Amino acid sequence: MDISLLIEKVRDALQRARRPLALTGAGISAESGVPTFRGSDGLWRNHRPEELATPEAFRKDPRLVWEFYQWRRTLLSEVKPNRAHYALVRIEEKKPFSIITQNVDGLHSLAGSTDVVELHGNIWRVRCTDCGMEREDRTVPFEEIPPRCGCGGLLRPGVVWFGEMLPADALDRAYELIKATDLMLVIGTSGVVQPAASFATMAKRRGAFVVEINPELTPISSYMDVVINGKAGEILPQIV
Ligand code: OAD
């Protein structure tokens with residue numbers, strides 16, 4: 001089907017939807033200049049992010065892991081939300097709307113979205129590996145890497161790493177939203193990291209209309225009611 005017809009179909013569905021929901025991944029921030037994880041630009045000094053975003057990597061070399069996060073924090077301190085983030089804010093102005101995001105960049109909130117479930121934490125938070133203290137910290141760059149807590153313990157980024165549990169409150173809220181939604185927009189995620197990847201199929205099984213917006217096909221594309229192959233910053237403003 002022609003892309004403009006697909007956009008029209010989704011626009012109609014969104015207008016009718018009572019409780020729309022978005023599931024977002026790194027792709028929605030790509031047009032802000034934030035590299036995705038699995039694209040060709042996703043490598044950092046020849047490391048795959050999946051090798052650095054683990055508790056094992058942090059135990060082995062906290063400095064290297066912090067250098068990676070320091071690089072991401074510096075980059076993120078200089079970028080702005082894009083047309084895709086702002087389009088989602090406009091949905092919320094019309095009806096109850098929530099976003100479940102795998103992103104740690106905080107760009108949805110910065111754009112103005114008020115109901116954002118951060119499944120993988122937030123890069124602007126730090127947590128002490130000794131005393132457990134957690135707080136927001138927007139220091140860029142840290143003078144000393146790895147940074148330390150007042151108690152002397154090592155600080156780590158307040159994000160979820162591979163092999164770690166997702167925050168229970170975020171997960172509970174996500175399942176609640178999936179149960180309630182009648183239309184889910186799946187935007188800019190490769191659909192390979194669980195549990196987020198299963199959210200779209202879960203929503204579909206529960207009867208929601210599911211739409212994928214991504215320039216590439218993904219392992220979850222075949223479950224979708226509509227797949228729009230395009231960039232989020234170009235497609236979403238046309239839908240909203
Ligand atoms: P990925 O890097 O795996 O996938 C990004 C997706 O965005 C790909 O499917 C791209 O095709 C798509 N994309 C690229 N540009 C786009 C654009 N302009 N508009 C729309 N889509 C675009 O990122 P995630 O799926 O978010 O986890 O990755 C999931 C998790 O794996 C991340 O949260 C992170 C990562 O490693 C942890 O760190 C725990």
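Since every read-out is calculated from the coordinates, none of them should be taken as a lab result. This one's a predicted model, so the numbers in the text were calculated from it and none came from an experiment. Here the Cβ positions follow ideal geometry from the backbone for every residue, glycine too, while neighbour counts run over all protein chains shown.
Details
- Sorted by Cβ neighbour density within 10 Å, fewest at the top, the residues Arg48, Arg83: Arg48, Arg83
- DSSP beta bridges in the chain [antiparallel fraction, %, rounded to 5]: 30
- Cα extents of the chain along the three principal axes, largest first (Å): 56, 33, 30
- Set of aspartates and glutamates near Lys231 by C-alpha distance (under 17 Å), chain-local residues within fewer than 8 positions excluded: Asp2, Glu8, Glu31, Asp41, Glu212, Glu216
- Take every Cα pair under 8 Å whose residues are at least 6 apart in sequence, average their separation, divide by the length of the range 58-159, and the relative contact order is 27 percent.
- Rg and Dmax, both from the Cα atoms of the range 1-89 and both in Å, are 17.9, 52.
- Panel order for Thr129, Thr114, Thr218, by other beta carbons found within 10 Å of each beta carbon, from fewest to most: Thr114, Thr129, Thr218.
- Relative contact order %, the chain, counting alpha carbon pairs below 8 Å whose residues are six or more apart: 26
- Axis angle, to the nearest 10 degrees, between helix 3-16 and the longest C-alpha principal axis of the chain: 90 degrees.
- Arranged from fewest to most other beta-carbon atoms within 10 Å of their beta carbon, Arg206, Arg125 become Arg206, Arg125.
- Estimated dipole of the range 125-215 in Debye, rounded to 20 [Cβ of Lys and Arg +1, of Asp and Glu -1, Cα centre]: 280
- Note that the range 1-52 shows a convex hull volume over its alpha carbon atoms of 128 Å³ per residue.
- Taking a straight Cα-Cα cut-off under 18 Å and skipping sequence neighbours fewer than 8 places away in the same chain, the lysines within cross-link reach of Lys179 are Lys95, Lys204.
- For the pair Trp44 and Glu143, the difference between a 0.36 nm per residue extended length and the Cα-Cα distance amounts to 33.5 nm.
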